[in-house]
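Every read-out reported here was derived from the displayed coordinates using simple, explicitly stated rules and does not represent laboratory data. From a predicted model like this one, the values you see are computed outputs, not experimental measurements. Every residue, glycine among them, receives a Cβ derived from its backbone with ideal geometry; neighbour counts consider all protein chains shown.
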Amino acid sequence: MRRMETVQENRRLKLKEAMNWASAALIRAELMDRLHQLRGLAFRTVTGMKGDRENLADLVDHASIEEYRRIELAIRDRERETIADIENTIARIDSGLFGICEACGGSISAGRLMAKPTTVHCVRCQEKDEKDLRGRHRHPELFRAA
């Protein structure tokens, strides 16, 4: 139990190095505003689609509306992911873990947090993850000479 308290205290000290609490509170307020906006859009999309039960005789009009709905749902799905990221970030701020890299436990720079508050990795760990991801998606055998 004592070890866990020491780890938590070290993380809190690192947070103070990365960003002061006033900045974290400002970011939290901005994230809450964005969260409310996204939830409002999602609600309007769902209620709008429930209300749109048109019987269109023209197949072209019907196809056009269906394509619009497909695009709208794809956008909302992407926003759903953003909502989850924002909720996670708010929880990290509230728990005192905001500004701490999930991978290495080091500090995330204040500039990085201001640019992308939902980030959970420092630059070094993010670059490593992206390099690993690129390496997994390469197929060098496709580029060999026959």
Put in order of increasing Cβ neighbours within 10 Å, starting from the fewest, PHE43, PHE98 give PHE43, PHE98
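Would you mind ranking ILE71, ILE100 by Cβ crowding within 10 Å, fewest neighbours first? Display every interim value, and only then the final one.
Numbers: ILE71 10, ILE100 21.
Ordered from fewest to most neighbouring Cβ atoms within 10 Å, ILE71, ILE100 come out as ILE71, ILE100.
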Whole-number D in µm²/s for region 92-140 (Stokes-Einstein; Kirkwood sum over Cα pairs; 37 °C, 0.692 mPa s): 281
Taking other Cβ within 10 Å of each residue's Cβ, how do VAL120, VAL46, VAL60 sort, fewest first? VAL60, VAL46, VAL120
List every residue whose amide H lies under 5 Å from the amide H of ILE100, counting only residues 5 or more places away in sequence or on a different chain, with H placed 1.01 Å from N in the peptide plane. ILE108
With label points built 7 Å along Cα→Cβ from the Cα atoms of THR45 and VAL123, find their separation and express it in nm. 3.4
